[in-house]
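Quick notes on the structure that follows.
The values are calculated or read from the model by the stated rules, or taken from the named source; none is laboratory data. Being a predicted model, the structure only gives us computed values, none of them experimental. With ideal geometry, Cβ positions are generated from the backbone for all residues, glycine too; neighbour counts draw on all protein chains shown. Protein only, heavy atoms only, side chains kept; ligands, DNA and RNA dropped before computing areas. Shrake-Rupley method; radii C 1.70, N 1.55, O 1.52, S 1.80 Å.
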Amino acid sequence: MNIKNSMKAVLLNGHGDYDKLEIVNNYPIPKIKENEVLVEVKATGINNTDINTRIGWYSKSENIDDASWAGESLKFPRIQGADVCGVIVDVGKNIDKNRIGQRVLIEPSLQKLNGKQLENPWYFGSECDGGFAQFTKVSSEHAFEINSDYSNIELASFPCSYSTSENLLTRANVTKDDTVLVSGASGGVGSATIQLAIARGAKVIAISSSSKFEDIKKLGVAKVISRGDDLVEALGENSVSVVIDLVAGKSWPKFLEVLKPKGRYAVSGAIAGPIVELDIRTLYLKDLSFFGCTIIEPEVFPNLIKRIENKDIKPLVAKTFKLDEIIQAQKEFLTKQHVGKIVLDLI
């Protein structure tokens, strides 16, 4: 393939508002090293991480220079974008040339850089450039071939949300014997968690706004409750074995009340607020287990690829935009009026 010298890309030039996003048409195409692959991006998804990184949400201090997924200062400009469906168009000298032409999904949680083990995992589009561009690169191990008749846009809805969801369920060891309560059920991770938990045979109860009940019910949940409801009144104490939480916020203690003794709580988000009140007696008297889930377990992404290829799960695309429309896409994303994913189409 005759690869151009430059590409269209969205640059993040610092922490702040939408004015920190710059669309450029002549940004250098990434130069791959010996153990990397160059991927032509066909579609890429929008995530909470993109916004959180841009506004400096990850910082725990007034100094937002350390406001990144890994707690280290980002190097600007940065190309964000953790969700990528694309095609390999070039490979490093140590990589089999038969990989060229493969349709791939990129694993967002990176354990290797140019084939070498990282001391601390990086996040695609945070510690390194990601998918908000026509081309991107990654260590070959993190570009997974996908054989599916789903469209590029549909496939781009999977990597970040569904790997996060599968990781939550893996860490919490969810099985067919579990009743799982999912908060933030209409979002990308929430709706993915519903599907993946049901694929494991678990019974799922979802928390969502009442306006989205019908959409959530179509995913096969046993019950939907309003996010404004009192969980104990709606479900009863000791009624679920697993809580998958993406919300946190002031109502957080109710999650522990509805968990059964020896229940498991797994979390990967805090969109309603990161500071919560914990009565430590509830934790130890009920023998609860807590799982903070950021680093993706090694088996998660290969298992997700199998789920997609077997059509155990389906893509949920709420709306699509072009790369030039990234600001409109992020604004739409933040309205939280959608079910599923918002995806950028680069074709």
Among GLY92, GLY188, GLY125, whose mean-square fluctuation peaks in a Gaussian network model of the chain (Cα, cutoff 10 Å)? GLY92
Suppose every K and R has +1 on its Cβ and every D and E has -1 on its Cβ; what is the size of the dipole of the chain about the Cα centre, in Debye to the nearest 20? 540 debye
I need the peptides 16-25, 177-186 ranked by packing, meaning the mean over residues of other C-beta atoms within 10 angstrom, with the highest value on top. 177-186, 16-25
Grab the DSSP H runs of the chain that are 4 residues or longer, score each as -39,500 (n - 2.57), total them, divide by all residues and round the 222 nm result to the nearest 500 deg cm²/dmol. -6000 deg cm²/dmol
Using only alpha carbon pairs under 8 Å that are at least six residues apart, calculate the relative contact order of region 169-244 and give it in whole percent. 36 percent
Can you find, among LEU155, VAL189, LEU118, the residue sitting farthest towards the positive end of the charge dipole of the chain, where Lys and Arg contribute +1 and Asp and Glu -1 at Cβ? LEU155
Counting just the Cα atoms, what span does region 243-342 cover along each of its three principal axes? Round to the nearest Å and put the largest first. 52, 33, 21
Given +1 on the Cβ of Lys and Arg, -1 on the Cβ of Asp and Glu, and no further charges, what dipole in debye does region 290-347 carry about its Cα centre, rounded to the nearest 20? 220 debye
Could you sort TRP122, TRP252, TRP57 by their accessible area in this structure, using a 1.4 Å probe and putting the largest first? TRP57, TRP122, TRP252
Can you pull the Kirkwood radius for the chain, inverse mean 1/r over Cα pairs, to one decimal in Å? 20.6 Å
Expressed as a whole number of Å, what is the distance separating the alpha-carbon centroids of region 272-347 and region 201-244? 17 Å
Distance cut-off 20 Å, percentage of C-alpha pairs in region 140-226 lying past it: 38 percent
Sticking to Cα atoms, compute the Rg of region 77-171 to one decimal and its Dmax as the biggest Cα-Cα distance, whole number, in Å. 13.1, 37
Test of the criteria: in region 82-157, which trypsin sites (Lys or Arg not before Pro) are in a DSSP loop and have at most 15 other Cβ atoms within 10 angstrom of their Cβ? LYS93
Once all protein chains are kept in place, ILE153 shows an accessible area at probe 1.4 Å, nearest 10 Å², of 40 Å²
Accessible surface ranking that places the most exposed of GLU233, GLU107 first, with a 1.4 angstrom probe: GLU233, GLU107
For the ranges 308-316, 139-147, what's the packing order if you count other beta-carbon atoms within 10 Å of each residue, average per peptide, and put the highest first? 139-147, 308-316
